[in-house]
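K.L.:
Please see the structure below; I have some questions.
The values are calculated or read from the model by the stated rules, or taken from the named source; none is laboratory data. Predicted model, so just to flag it, every value in this text is computed and none were measured. Note that each Cβ is placed from the backbone with ideal geometry, even for glycine, and that neighbours are counted across all protein chains shown. To get the accessible areas, we keep the full protein, side chains included, count just its heavy atoms, and leave off ligands, DNA and RNA. Shrake-Rupley method; radii C 1.70, N 1.55, O 1.52, S 1.80 Å.
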Amino acid sequence: MIFSDLDKAITYAEKQTEKSIKDLKDKFKPSHSTNNIYPMSENDEWTNGMWTGEINILYELTKRGDFKEKALEHVGAFKYRIDEMVSINNHDMGFLYSPSCVAAYKLYGSEDGKNSAIKAADYLISRYQEKGRFIQAWGPIGDPNNYRLIIDCLMNIPLLFWASEVTGDNKYRKVALAHFETSIACVLRPDDSTYHTYYFDPETGSPLRGVTHQGNRNDSAWARGQAWGIYGSALSYRYTKSEKAMEVFKRTLEFFLNHLPESVIPYWDFDFTDGSSESRDSSALAIAICGMMEMSDLTGDKELREKALKLLEELYNKCAVKDPEISNGQLLHGVYCRKTPTNDARDRGVDECNTWGDYFYVEALMRAKNPGWKAYW
C-alpha cells in the first residue's frame, strides 16, 4: 500500500525545499517558523542539522545538483562549528551531525563530513558520566544541577554506533550501549509512557527522579518524547538486534497509537485529547512514522508498514504545506514547547512549522517511496 498522493506530496516537498533555499540563501532554518515562515538563522541551534538533512533527502528523491551543492556547502559550516566548539554545550551531536555530515559521507563521499561527524562523536562521549552511566544532556559537564539525561538522546547515540563502525574503535559503541540501558531502565514507566528527563545523584550515580521539561507535567506523556522513544529504540535495534530494544519499541509504540485522538494528529502532550483547545504536534507523528518504517524494514513486518503509511497519509492531508504562499516549511501545526503551570518551559514555536518536523516528514516520504532506504542515523 502506498497512499495515492505520495508522488504529489514529494513534488510539494521539493518545491518547499527549493523555496527555503532561496529564502535563506547561505543561512539556516531556525528551530521553528514565525507565522509559518522561517527567517534566516545562523548555524547555532540543536536543530540545524535537520535542515541540511531535509536537503539531502530531497537530493536523493530528485537527484537535483543544486540540492547536492547546498548540502555540501553546509558541511563546511558544520566543520567550523565542531572545530570551534560553537553552541555545542549539549548532547545534540546526533541531531546536528547525522543528517548533515554522516549523510554527506554516505551520499557524496565527503571526507570533511566523515571527520567532522567523528569529532562530534568524540565530543558526545566526553559528556558520558560514569557515575550513573549516561550521557549528560545539557549544561557544563558534571554540573550537579544538570546531572540528567533526556529521552531525546536515543536519537543521538546512533552517531556513536556509526562512529565505531567507521573507525573500528569500540569506545563509542560502549557508551551508546550504556546510555541506552540506563535510559530505558529509568524513563520507561510501567504503563509504557515515558519521562522526558531523569536526574541522577552526582555523588553516587543513583537514579533520583523522573520529571518533565517540555511535557505538561512530570507524570504526563509528552508526545514528542514518546516518539523519540519509538524511533530511538528502533535505531538501537538496528545496531544491536537487542530484544530489549525491540521490547521498548513495541511498548512505546503501543502507548502512542492507543492515545492518538480520533483526528490522528497528536496533541503536544497525551494529557490532551479530542475536544481540547491545546495545540497539536505534527512533528511527533512524523517521528513515530519514521520509527515504524525503520522497524518494518528491519523485521519485514508488512502490517507495521501499512499502519505507518496510513498515518503518513493523514499527516500529509492535514498538516503538509501545499501552497508556498502560506509557508516556506514542510509541515504545519508543530509545537516546540508550551508553558504550563507544572513545567519549566516557555511558549515557543506553538502551532508553527519546526525544523525537525520538516525533516522527519520528508524522511517519511522517502521511506514510503523507497522501502529499505538507508537512513542517515
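K.L.:
So which residues in segment 210-237 are small (Gly, Ala, Ser) and over 20 Å from residue 376 (Cβ atoms), if there are any at all?
P.N.:
Of everything in segment 210-237, those that are small (Gly, Ala, Ser) and over 20 Å from residue 376 (Cβ atoms) turn out to be 210, 215, 220, 221, 223, 225.
K.L.:
Evaluate the following for residue 95: is it closer than 14 Å to residue 28 by Cβ, touching a residue at least 60 places away in the same chain (Cβ under 8 Å) and of a type in the set (A, V, I, L, M, F, W, C)?
P.N.:
yes
Yes or no, residue by residue, for (1) acidic (Asp, Glu); (2) touching a Cys at 6+ places or on another chain (Cβ under 6 Å); (3) open to solvent by less than 10 Å² (accessible area, probe 1.4 Å); (4) in a helix (DSSP H, G or I):
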| site | (1), (2), (3), (4) |
| --- | --- |
| 39 | no, no, no, no |
| 45 | yes, no, no, no |
| 66 | yes, no, no, yes |
| 106 | no, no, no, yes |
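K.L.:
Could you say whether any residue in segment 153-168 is among the small types (Gly, Ala, Ser), assigned to a loop (DSSP other than H, G, I, E, B), modelled with pLDDT of 95 or more and loosely packed, with under 15 Cβ neighbours inside 10 Å?
P.N.:
Within segment 153-168 (the criterion being among the small types (Gly, Ala, Ser), assigned to a loop (DSSP other than H, G, I, E, B), modelled with pLDDT of 95 or more and loosely packed, with under 15 Cβ neighbours inside 10 Å), the answer is yes, since at least one residue qualifies.
K.L.:
Answer yes or no as to whether residue 215 is assigned to a loop (DSSP other than H, G, I, E, B), within 30 Å of residue 162 (Cβ to Cβ) and touching a Phe, Trp or Tyr at 6+ places or on another chain (Cβ under 6 Å).
P.N.:
yes
K.L.:
Something else now. Determine which member of the set 124, 149 is in a strand (DSSP E or B) and farther than 17 Å from residue 376 by Cα.
P.N.:
Criteria check complete, one pass: 149.
K.L.:
Right, next: Is there any pair with a first residue in segment 72-90 that is more than 28 Å from residue 60 (Cα to Cα) and in contact (Cβ under 8 Å) with a residue 40 or more places away in the chain and a second that is aliphatic (A, V, I, L, M) and open to solvent by less than 80 Å² (accessible area, probe 1.4 Å) whose Cβ atoms are under 8 Å apart and which are 6 or more apart or on different chains, and what are they?
P.N.:
Between residues of segment 72-90 that are more than 28 Å from residue 60 (Cα to Cα) and in contact (Cβ under 8 Å) with a residue 40 or more places away in the chain and residues that are aliphatic (A, V, I, L, M) and open to solvent by less than 80 Å² (accessible area, probe 1.4 Å), the close pairs are 90/137.
K.L.:
Right, next: For segment 322-339, which positions are open to solvent by 10 Å² or more (accessible area, probe 1.4 Å), outside any strand (DSSP E or B) and in contact (Cβ under 8 Å) with a residue 12 or more places away in the chain?
P.N.:
Matches in segment 322-339: 322, 324, 326, 332, 333, 338.
K.L.:
While we're looking at this one, here's another question. Since residue 291 meets every condition but one in (1) more than 17 Å from the chain's Cα centre (by Cα); (2) more than 29 Å from residue 27 (Cβ to Cβ); (3) open to solvent by less than 70 Å² (accessible area, probe 1.4 Å), which condition does it not meet?
P.N.:
Of (1) more than 17 Å from the chain's Cα centre (by Cα); (2) more than 29 Å from residue 27 (Cβ to Cβ); (3) open to solvent by less than 70 Å² (accessible area, probe 1.4 Å), only one is false for residue 291: (1).
K.L.:
Let me ask you something else. If you go through segment 350-377, how many residues are surrounded by fewer than 22 Cβ atoms within 10 Å (Cβ to Cβ) and touching a strand residue (DSSP E or B) at 6+ places or on another chain (Cβ under 6 Å)?
P.N.:
So the answer is 1.
K.L.:
Only one of these conditions is not met by residue 272: (1) hydrophobic (A, V, I, L, M, F, W, C); (2) closer than 19 Å to residue 3 by Cα; (3) out of contact with any Phe, Trp or Tyr (no Cβ under 9 Å at 6 or more places or on another chain). Which number is it?
P.N.:
Result: residue 272 fails condition (2) only.
K.L.:
Which of (1) out of contact with any Gly (no Cβ under 7 Å at 6 or more places or on another chain); (2) farther than 18 Å from residue 4 by Cβ; (3) of a type in the set (A, V, I, L, M) does residue 286 not meet, given it meets every other one?
P.N.:
Among (1) out of contact with any Gly (no Cβ under 7 Å at 6 or more places or on another chain); (2) farther than 18 Å from residue 4 by Cβ; (3) of a type in the set (A, V, I, L, M), residue 286 violates only (1).
K.L.:
Take residue 30 and decide whether it is of a type outside the set (A, V, I, L, M, F, W, C), open to solvent by 50 Å² or more (accessible area, probe 1.4 Å) and part of a loop (DSSP other than H, G, I, E, B).
P.N.:
No, not satisfied.
K.L.:
In addition: Being touching a Cys at 6+ places or on another chain (Cβ under 7 Å), crowded, with 20+ Cβ neighbours inside 10 Å, over 25 Å from residue 362 (Cα atoms) and not charged (D, E, K, R) is the requirement here; does residue 118 meet it?
P.N.:
no
K.L.:
Please identify the pairs in which a residue from segment 299-312 that is of a type outside the set (D, E, K, R) has its Cβ atom under 7 Å from the Cβ atom of a residue that is open to solvent by 40 Å² or more (accessible area, probe 1.4 Å) and not in a helix (DSSP H, G or I), counting only partners at least 6 apart or on another chain.
P.N.:
309/1; 309/2
K.L.:
Then there's this: Just to be sure, is residue 227 within 25 Å of residue 117 (Cβ to Cβ) and crowded, with 23+ Cβ neighbours inside 10 Å?
P.N.:
It is true that residue 227 is within 25 Å of residue 117 (Cβ to Cβ) and crowded, with 23+ Cβ neighbours inside 10 Å.
K.L.:
Follow-up question, since we're still on this one. Are any residues in segment 188-212 within 17 Å of the chain's Cα centre (by Cα) and either modelled with pLDDT under 95 or outside any loop (DSSP other than H, G, I, E, B) (or both), and if so, which ones?
P.N.:
Result: 194, 197.
K.L.:
In this structure, is residue 98 outside any loop (DSSP other than H, G, I, E, B), within 24 Å of residue 222 (Cβ to Cβ) and either touching a Pro at 6+ places or on another chain (Cβ under 6 Å) or modelled with pLDDT of 95 or more (or both)?
P.N.:
yes
K.L.:
Among the numbered criteria (1) within 14 Å of the chain's Cα centre (by Cα); (2) open to solvent by 10 Å² or more (accessible area, probe 1.4 Å), which single criterion is violated by residue 343?
P.N.:
Only one criterion in (1) within 14 Å of the chain's Cα centre (by Cα); (2) open to solvent by 10 Å² or more (accessible area, probe 1.4 Å) is unmet by residue 343, namely (1).
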